[in-house]
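Participant: For reference, the structure I am asking about is given below.
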Amino acid sequence: MKVVLLAGGFGTRIAEESIAKPKPMIEIGGMPILWHIMKEYAFYGHTEFIICAGYKQHMIKQWFSEYFLYSSDVTFDYAEGANSVIVHRSTCEPWKVTVVDTGLNTMTGGRIKRIQPYVGNEPFMMTYGDGVCDVDINELIAFHKSHGKIATLTAVQLEQQKGVLDIGGDNAVKSFREKNLADSAPINAGYMVLEPEIFDYLEGDQTVFEREPLERLAAEGQLMSYRHKGFWQCMDNKREMDMLEKMLATGNAPWKKWND
C-alpha cells in the first residue's frame, strides 16, 4: 500500500526554521522529520512513498537525489581524467520515493487530488509531513479493512495546555485546578487509510481536505476513527522541535522503533 505524505505547506508557525527549507525537511536528530515518518511506515513494511511537495519543493527533490551518496561510503576517482564513483557500502533504505510538485498555494485536498495518477485505483495511506506517532500501522490498516468505509483517520487525545477554571454566572472563578486527561479532546492526527473513492470528494486545488471532504464523509457515515492511546506529536513551533530533539538525544523517542 502506497504512503502519501503532505509536505507542501509554508510552515509559517515555525518560520525561524522554515524560511530556509520546507517544514518537513527541518531536522531532528540530524535527519528531516519527513524521514522519521517514512522510517515509521517502513518499519511495518510500507516502503513506496508519494510526497506532495510545494513550498521549496526543489529542496526535497535534491535531498532525495543525494540521499544515496549521503548513506554510502564512496570513492571518487579522478585519476587519469576519469570521473567515476565507486560505492563500497550503503545504508540507504530500499524505498521508492516519488516527489510531486503539487503547487505553491494548493490546499491539502488539492494536493491529494493532484497525485491521483501516481496512486491509481487502490487504497492508500496518507499523513502529514510534520508529526510523528507510534501507532501500529498494520493494526490501523486491519481496522480500516474491517469496517468497509471510505476513510479512516487516527484519533489521539489532545491534552489541555492550561489550568482549568470553573467560572460562575457572575464571572467569579469558583475553582481552579491543573489540567488532566479528562479535559482532553480527540483530534485528527493524520495517519489515515483511504479508499480510491476519496478522489471523488476532491474538487480541485482550493479544496481543503479537512473541511468539505471530511465533513461530507462524516455526514455520509463513511469516516471512521482509529483511537490511538499512545504517542503522537506534531512539530508546529520551535518549542515542539526542541522537545522532539531532546527525546531523540535521551533515547526516549516512542516513534523510533527501528534500529540505527
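The values are calculated or read from the model by the stated rules, or taken from the named source; none is laboratory data. Owing to the predicted nature of the structure, the values given are computational and were not obtained by experimental measurement. In this analysis, Cβ positions are derived from the backbone assuming ideal geometry, glycine residues included, and neighbour counts consider all displayed protein chains.
Participant: Could you grab me the full set of residues in the range 199-239 that are closer than 14 Å to residue 113 by Cβ and among the aromatic types (Phe, Trp, Tyr)?
Facilitator: Hits for the range 199-239 are 199, 201, 209.
Participant: Moving to a separate point now. Show the residue pairs meeting these rules: Cβ distance below 7 Å; 6+ apart or different chains; first residue within the range 48-61 and surrounded by 21 or more Cβ atoms within 10 Å (Cβ to Cβ) and of a type in the set (Ser, Thr, Tyr); second residue part of a strand (DSSP E or B) and at pLDDT 95 or above.
Facilitator: The qualifying pairs do not exist here.
Participant: Looking only at the range 38-93, count how many residues are within 30 Å of residue 139 (Cβ to Cβ), at pLDDT 90 or above, not in a helix (DSSP H, G or I) and not small (Gly, Ala, Ser).
Facilitator: So the count comes out to 8.
Participant: Right, here's the next one. Among 110, 9, 103, which is the only one that is on the phi > 0 side of the Ramachandran plot and outside any strand (DSSP E or B)?
Facilitator: When all the criteria are applied, what remains is 103.
Participant: Then there's this: Residue check, residue 212 against (1) more than 18 Å from residue 111 (Cβ to Cβ); (2) more than 18 Å from the chain's Cα centre (by Cα), all met but one. Which one?
Facilitator: (1)
Participant: Restricting to the range 214-252, name every residue that is assigned to a loop (DSSP other than H, G, I, E, B) and touching a residue at least 60 places away in the same chain (Cβ under 8 Å).
Facilitator: Selection gives 221, 222, 228, 229, 230, 231, 235, 236, 237.
Participant: While we're on this one: Can you tell me how many residues within the range 144-196 are aromatic (Phe, Trp, Tyr) and modelled with pLDDT of 80 or more?
Facilitator: 1
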